[in-house]
Amino acid sequence: MLNNRTAKTLAAVFFGVFIVAVIFAIARPGGPVTVVSGGSAQAGGKYQRPYPMPHQWWKKTDEFYVFASGGQQCGIYVYTLPMMKYLAEIPVYCNDNAWGWNTEDPKVKKMLTNPWTGQLMDRGDTHHPALSKTKGVYDGRWLFIPDKINPRVARIDLKKFRTEEIVWIPNTNGGLHGDHISPESDLFAVNFEHEQDPAPEIKQHLGVQVDPEKGPYLAGFAGIKVDQDGRMSNAWQVWGPFQTDLMRIGWGKSDGWIINTTYNSERATNTVGMFKKDHDYVFLWNRASIEKAVADRKYVTTKQAPDVPVVSWKDVEVYAVPIPLNPHGVDISPTGKYAMVSGKATSTVTAVDLEKALQAARDKKFIGEDNGIPILDPKVVYAAQMDIGLGATHIEFDDKGYAYIGYFVDSDVKKVTMGAPYTDLHKKEPWKVAEVIPAHYSVGHLLVPGSDTAKPYGKYLVVMNKLTKDTFTPHGPLITENHELFTIGDGPAQLVDQMPLGPETHYSQAIPVSLVKPDMVYEIPDKIETPRVEYDYDKKEARVYMGVVRSFFTPDAFNVPQGWKVKMVLTSEEEAFDITHGFTIDGYNVALSVDPGEVREVEFTADKAGVYWFYCMWFCSELHMEMRGRMIVIPESEWSKDKETKVVLAE
C-alpha cells in the first residue's frame, strides 16, 4: 500500500501532467490530434496534417499531381503536392504484377513487342515525361514518356492513369532521350542520344560513310504526329552527324522551332574524346522547313519503314549556337524568349536570347560552320552567361520572373533573376543570384509546376536529389532517392517536406488536380458477354467468357484439354469505385487486375494436366477468400466432347 505522503506526491504529479496536457492541447493549433511534418512549422502551419486524415482531405490540401519518371522501374510514379502523398505507379514498359500489367494480356504484349523483330521487350528506362498542352499550357489529357533502352514512345491516358498506346520508332536501336510536346500537342519529338550505324539508305541519302567499328556514327531526332484523339504515328525523322541530348519545342517568341543540345560535337566514341573541344552546341531547327522537305519529297525511306520519311540535316533550316563544354539541359522561359543551357563540365550557365538568335540567322551573323551547319555569333545571341556554381543540371521557371538552376556538385539550387520582360515582375537587376536554396544532396532534375509552359503555376519547387546519403533510415547499398518540397514565392524558399522515392527519377511534371478528371470506373459495355466456354477443335483453343463481381467468378469452373490455348475475356460488373479484382491461377504464369467496369483479356497454354485453382488477388470483400474457382486440365487422350463445360446461369 502507498503511504499518505507518496499518494499526495503521485496525485500532484498526475494533476500537473493533466494540466500541462490541457494547456498544450488548447494552445496548439489544430488541437491534440494534429501532427506536423518536419518542415511545416517553418511554413506557418499551413501544411499540418490531421490524424486520422478525414475523408476527401485532399480537396482541402492537394493542388497538384506529380508525374515522376521511374527510370529502370520502367514507368511513372504519381504523388501529390503539397502533401507529398504517394498514390500509384503507372506501368509502361515492364511487366508489373503489383498493378496487373502483364504480357498475358494480348494488348499489353502487342504494345511491348518490337513490330520488326517480333521480340518481346519487357524492360525499359523512362526519363522525361511530357504533359499534353493546348495553347502552350497543360490540358490534362495525356502524358507521353519515351523508353531509352528501346526505340518507343508511350501515351498515358489521364482519364485512366494507364498506358493507352506505344508507338515504335524505326531506323534506330534505341538511346532515345530528351523529348517534348508542341504547344498544341500535334507533334511529339524525341532525340537520338546514342549515335547509330543506320540503314544503308540513310547513309547514302546523307552522303556519309560510317565505319561500324571506329565511327563516327550518325544520329538525329524523330517527329511523331499526334491526332486529336491522341493516336500517334511516325511523321518524319531528321538525321545528321551529331547526336542530340535534351530538347524543347518552342512557343511564344520561339514558336515553330525545335531546340536541342549535343554534348558530343566531337563525334567521339569514348568519354575522353567527348571533351576534346571547349564547346558544343544548342541547335535551332525550323519545324516548317522539315515539313517542307517532306512535302518536296527531299527524303528517303528504308526497307524497315517504307512509310517514314528520313530527311537530311542538309535539306532543312538549322543553326548552331556554341555552348561551353558538354551542355545537357535546355529549358525555355515562359514567353519563349530565352533558352537557358547548362554545361555539365563547366561552371557557366548560358542564357540564349532566341529572338536575337533568329534575327542573327536572318542577318547571317555567323562565325563559321560545322558539318555545314551555320554557327551563330555568341556575342550577338547570348543574353547572359553566369558563372555561379559547380555542376549545373537543369533549369525551371516560376510565374514571377525567376529561373531555378540545380547544381549537382554544390548540392543547391540558385534562384536567378531573368532579363526583360521579366524585370517588370521582379524589379531587380537581371541575371543575378537572388537566393541560394540548400538541398540534400546532389541535385539532378527540378520541378516547378508548369515550368515548360507559357504560364507556369510557380508556388512550389521540388528538388530531385540523385544522392540521398543519410537522409533516411539505412536500407542497404541501393539507397532511395529524395524528393524535397520547397515553397517559393516572394519570400525565401521554405523546406516543407522530404519524400523517399524508388529508382530512378530523372524528370517530373506537375499539373493542377482540377485539370485532371480521372474516371473512377470504366464504362461497362452496352453488351456484356454471356458467361460461357467455347471450344474450337480446329485451332485447339478454349475461349472462356467470365463475369467477375463480388464474390464470384462465373463460370467458377471449366474444363480444357491439355495443350490447348486458353483465351479468357474477363468483365468486371462492379459499378462502385475502389473495388478492383484480380485473376491468377495456381501453377501458371498468369496475373492481372480487373478494375471496376473493365474488360481484360488473358492468353496462356494449359500445358499441365490436373486441377488448378484460380482466385482473386485483390482483397475485395469479406468473402474475398471464397472468390475462387477451378481450371481442370484433362489429358487430351482422355478428352471427349461430353467433358465440355456447360455454364448454367441462375434465373
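Quick notes on this one:
- Residue list for the range 449-468, filter: in a loop (DSSP other than H, G, I, E, B), free of Cβ contacts under 8 Å to residues at least 60 places away in the same chain and within 22 Å of Ile332 (Cα to Cα): none
- When Gly597, Gly563 are checked against the criterion of being surrounded by fewer than 16 Cβ atoms within 10 Å (Cβ to Cβ), in contact (Cβ under 8 Å) with a residue 12 or more places away in the chain and not β-branched (Val, Ile, Thr), Gly563 stands alone in meeting it.
- Scanning the range 401-423 for residues that are in a loop (DSSP other than H, G, I, E, B) and closer than 21 Å to Ser254 by Cα, we see that the one that is nearest to the chain's Cα centre (by Cα) is Gly401.
- Tallying residues that are touching a Phe, Trp or Tyr at 6+ places or on another chain (Cβ under 6 Å), more than 14 Å from Ala339 (Cα to Cα) and buried (at least 22 other Cβ atoms within 10 Å of the Cβ) within the range 402-414 yields 1.
- Pairs meeting the criteria (first residue in the range 250-263 and part of a strand (DSSP E or B), second residue surrounded by 23 or more Cβ atoms within 10 Å (Cβ to Cβ) and modelled with pLDDT under 95, beta carbons under 6 Å, at least 6 apart or on different chains) are Thr261/Pro327.
- Against the test of being at negative phi and under 28 Å from the mean Cα position of the chain (by Cα), the options Val311, Val321, Val282, Val300 yield a single qualifying residue, Val282.
- From the list Ser637, Ser621, the one residue that fits, being modelled with pLDDT of 95 or more and not in a strand (DSSP E or B), is Ser637.
Let's see how each residue does on (1) in the same structural domain as Gly45 (by TED's automatic domain parsing); (2) more than 26 Å from Lys565 (Cα to Cα); (3) part of a strand (DSSP E or B):
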residue: Gln73; (1), (2), (3): no, yes, no
residue: Tyr79; (1), (2), (3): no, yes, yes
residue: Met83; (1), (2), (3): no, yes, no
residue: Tyr93; (1), (2), (3): no, no, no
residue: Trp116; (1), (2), (3): no, no, no
residue: His128; (1), (2), (3): no, yes, no
residue: Leu131; (1), (2), (3): no, yes, yes
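- Neighbours by Cβ (under 8 Å, 6+ apart or cross-chain): first from the range 218-243, basic (Lys, Arg); second not in a strand (DSSP E or B): Lys225/Asp186
- The range 365-374, subset assigned to a strand (DSSP E or B) and in contact (Cβ under 8 Å) with a residue 60 or more places away in the chain, residue farthest from Thr346 (Cα to Cα): Ile373
- Of the set (1) under 21 Å from Thr103 (Cα atoms); (2) in contact with an Asp or Glu (Cβ under 9 Å, 6 or more places away or on another chain), all apply to Ile585 but (2).
- Residue in the range 295-304 that is in contact with an Asp or Glu (Cβ under 8 Å, 6 or more places away or on another chain), aliphatic (A, V, I, L, M) and either surrounded by 22 or more Cβ atoms within 10 Å (Cβ to Cβ) or within 30 Å of Asp211 (Cα to Cα) (or both) present: yes
- Residue match in the range 140-153 (condition: more than 25 Å from Asp307 (Cα to Cα), assigned to a strand (DSSP E or B) and in contact with a helix residue (DSSP H, G or I) (Cβ under 7 Å, 6 or more places away or on another chain)): yes
- Of the residues making up the range 575-595, those that are touching a strand residue (DSSP E or B) at 6+ places or on another chain (Cβ under 6 Å), over 14 Å from Lys608 (Cβ atoms) and not β-branched (Val, Ile, Thr) number 6.
- Subset of the range 424-443 [in contact with a Gly (Cβ under 7 Å, 6 or more places away or on another chain) and either at pLDDT below 95 or outside any loop (DSSP other than H, G, I, E, B) (or both)]: Leu425, His426, Val443
- The residue list Thr302, Thr346 contains one member that is free of Cβ contacts under 8 Å to residues at least 60 places away in the same chain, in contact with a Pro (Cβ under 9 Å, 6 or more places away or on another chain) and outside any helix (DSSP H, G or I), which is Thr346.
Residue-wise test of (1) within 15 Å of Asn286 (Cβ to Cβ); (2) crowded, with 24+ Cβ neighbours inside 10 Å.
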residue	(1), (2)
Gln204	no, no
Arg231	no, no
Trp236	yes, no
Asn260	yes, yes
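- Restricted to the range 116-145, and to residues there that are among the small types (Gly, Ala, Ser) and touching a strand residue (DSSP E or B) at 6+ places or on another chain (Cβ under 9 Å), the residue that is nearest to Ser514 (Cα to Cα) is Gly140.
Table: residues versus (1) of a type outside the set (Asp, Glu); (2) modelled with pLDDT of 95 or more; (3) closer than 30 Å to Val590 by Cα; (4) in contact with a helix residue (DSSP H, G or I) (Cβ under 9 Å, 6 or more places away or on another chain).
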residue	(1), (2), (3), (4)
Pro50	yes, no, no, no
Pro54	yes, no, no, yes
Phe67	yes, yes, yes, no
Gln73	yes, no, yes, no
Val78	yes, yes, yes, no
Met84	yes, no, no, no
Pro91	yes, yes, yes, yes
Cys94	yes, yes, yes, no
Trp99	yes, no, yes, no
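The values are calculated or read from the model by the stated rules, or taken from the named source; none is laboratory data. Quantities reported herein were computed from a predicted structural model and do not represent experimental measurements. A quick note on method: Cβ atoms are made from the backbone with ideal geometry, for glycine too, and the neighbour counts reach across all protein chains shown.
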